[in-house]
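Colleague: Got a structure for you, written out below as structure tokens; questions coming shortly.
What follows draws every value from the coordinates through simple rules; no lab data is involved. Computed from a predicted model, the values in this text were never measured in an experiment. Backbone-built Cβ (ideal geometry, glycine too); neighbour counts: all protein chains shown.
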């Protein structure tokens with residue numbers, strides 16, 4: 001189980017000042033746990049968040065060792081829009097024996113024949129699925145074997161994913177998780193044909209004659225008449 005130390009936060013402490021000192025404000029709460037504002041070390045939280053995500057139990061322990069550890073899940077993290085750094089964290093405290101509904105990340109493994117042999121494109125429709133389980137049974141991720149995708153008509157549905165013991169699927173069973181689409185046809189550019197200059201000259205000449213343009217013979221006759 002992952003542990004994370006916290007210090008109770010006073011209302012007068014400003015979030016901006018805490019962040020400058022290397023901490024971030026946080027809060028933990030639950031059905032039978034009152035909302036408790038705390039601070040956690042930025043570096044420690046970053047490690048825990050990266051490893052646990054939102055599907056692994058985090059034991060919150062008081063830095064001054066007062067009170068029993070609080071088992072929780074990272075429920076929500078506010079991040080800076082530009083840097084992506086965490087600014088605030090919510091921890092949900094669950095009761096012993098309580099089942100919780102969580103979105104579990106999917107990890108795609110294997111090789112799809114439709115991709116390898118037919119040059120298809122793998123389409124990942126879902127990147128996580130919703131499950132119900134006791135916190136101690138929650139997997140960190142679920143594997144999706146794409147080797148079953150042999151044709152463009154094959155699909156992997158949510159109900160096809162193997163779940164560990166004690167984990168119940170809460171996603172719609174027929175929700176498509178992955179499929180393979182046919183390769184895009186390459187557009188062939190038509191070759192540019194150079195204009196036939198001789199045909200253009202002939203066309204111009206014919207047009208001039210139709211409009212009564214003077215020819216060299218006409219010019220000679222006019223000269224004799226004079």
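Colleague: Indicate the gyration tensor shape class of segment 21-60 (rounded, prolate or oblate), computed on the Cα atoms with a ≥ b ≥ c the square roots of the eigenvalues: a/c under 1.5 is rounded; otherwise a/b larger than b/c is prolate and the rest oblate.
Modeller: oblate
Colleague: At a Förster radius of 35 Å, what calculated FRET efficiency corresponds to the Cβ-Cβ distance of residue 61 and residue 130, to the nearest 0.05?
Modeller: Once the sixth-power term is evaluated, E becomes 0.75.
Colleague: How high is the relative contact order of segment 2-93, in percent, counting Cα pairs under 8 Å that sit 6 or more residues apart?
Modeller: That works out to 32 percent.
Colleague: Expressed as a fraction of 2.2 N^0.38 Å, the rule-of-thumb size for a compact globular protein of N residues, what is the C-alpha radius of gyration of segment 2-93?
Modeller: Against the compact-globule rule of thumb, the ratio is 1.00.
Colleague: Sorting check: for 153-161, 130-138, which peptide has the highest mean count of neighbouring beta carbons within 10 Å, and how do the rest follow?
Modeller: Sorting 153-161, 130-138 by mean packing, highest first, produces 130-138, 153-161.
Colleague: Taking the highest mean first, how do the peptides 81-88, 31-38, 18-25 order by number of other beta carbon atoms within 10 angstrom per residue?
Modeller: 18-25, 31-38, 81-88
Colleague: For segment 100-181, what is the percent of antiparallel DSSP beta bridges, rounded to the nearest 5?
Modeller: Beta bridges within segment 100-181, antiparallel portion: roughly 80 percent.
Colleague: Which whole number in µm²/s is D for segment 55-169 by Stokes-Einstein, with the Kirkwood Rh taken over Cα pairs at 4 °C and 1.567 mPa s?
Modeller: 77 µm²/s
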